[in-house]
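None of the figures in this text is laboratory data; all of them are computed from the coordinates on show. Fair warning: this is a prediction, and the values are worked out from it, not measured in the lab. Every residue, glycine among them, receives a Cβ derived from its backbone with ideal geometry; neighbour counts consider all protein chains shown.
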Amino acid sequence: MLAAYAQQLLNLPEQRIHSLQWSCFYYQLAKQLGFVRRKRVEHNLIANLVLGYWGAHTLASFSLNISKVDENNWLRCLFRKHRKSFSYLQHLIVWQACYEQQLDLAKILFEVSQLPQSHYDDVPAHIEPVIVDQVRRTEWQHVVAKFGVKGARNQGFAGLYIWLYRHDKQWLMQFNQDSVRPSIAKINKVDWPCRDKKYVKQLISLINEVETQLDSDRHTVTWLVTHASIPLSQIKHLEKLPLCKLFFEKYCESIEEYQCRRIALACIDSLKKYEQLKAWRIERIAGLSKERTRPIVSQLLGYAVKYEAS
């Protein structure tokens, strides 16, 4: 029967139905079934009806489980204000459980399409007649000149603003727009060129110290900045530190460069211990593996092993 209803839906002409019309339809359906109490839908009663008709196992086979504990399960959302669309299967399952007689899908869709599309929130509010009160206008002009538009409302003149908004809105909006204070340009108090020279000197001094230290960690931007005693927050402003940026581009190590340095250190360590250079031994000392070693590093390791063997 469900498959027959699905085929019937496919054969019907396409209709555009607003989400508010669906919300209204399902609220009326709950009301017809006696599942509305004091304008509130009794979702647990609807869940009992649908579960009793289909059974939890069948609904699970459709991947449409209904959990009474979950406040946002699909069945609750269907009988609430529609904020998203629902699948044809969800609609059919509910209709088949709620209507005892044979379903006439064309009739149901027609009835839904005839429901109002407007919501009380969409109805325009009552517009107050325009009243020109020069005293209130003058007072608002004075407080805005002193505190600004937002400041005036926060300084106890919210009532005056509301009155003008209701009775003299066009003048109020125009005056407020004309009274917007220009934003003050941010004054650059930092001497970035001076700071750039200072930082790059610290970085050069650091690289001169660690350049021959093969056992140091990978020379990343963070590592260099930290060891040069430069605040990490300054890295966010590299566009204002061109000398530092050039330094990082030259001296920061790539993964391949770092792995090559570890291979070199491992070879030196093996030679000091008079050990034969074997690829597996060098990789183990360097903390590398065939999976992690980059191609160019493997090539360097091969040269080192062949050179020692010769």
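Tabulated values for the structure
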item	result
Whether the stretch 231-272 is rounded, prolate or oblate, judged on the alpha carbon gyration tensor where a/c under 1.5 counts as rounded	prolate
Whether the stretch 1-127 is rounded, prolate or oblate, judged on the alpha carbon gyration tensor where a/c under 1.5 counts as rounded	oblate
Gain in span if fully extended, L271 to Q134, counting 0.36 nm per residue against the direct Cα distance	39.7 nm
Low-density loop cleavage sites - trypsin sites (Lys or Arg not before Pro) in the stretch 65-117, where at most 14 other Cβ are within 10 Å (DSSP)	K68, R80, K81, R83, K84
13 Å beta-carbon shell around C77, net charge (K/R +1, D/E -1)	+3
Karplus-derived HN-Hα couplings along the stretch 212-221 (A = 6.51, B = -1.76, C = 1.60, θ = phi - 60°), whole Hz, x at Gly and Pro	9, 8, 5, 8, 6, 5, 4, 7, 8, 4
Sum of side-chain charges, V143 neighbourhood, beta-carbon under 13 Å (Lys, Arg +1; Asp, Glu -1)	+4
Efficiency of FRET between S67 and N11 - r from beta-carbon atoms, R0 35 angstrom, step 0.05	0.55
Pair Y99, E42: separation of 7 Å Cα→Cβ label points (nm)	2.4
Whether the stretch 192-253 is rounded, prolate or oblate, judged on the alpha carbon gyration tensor where a/c under 1.5 counts as rounded	prolate
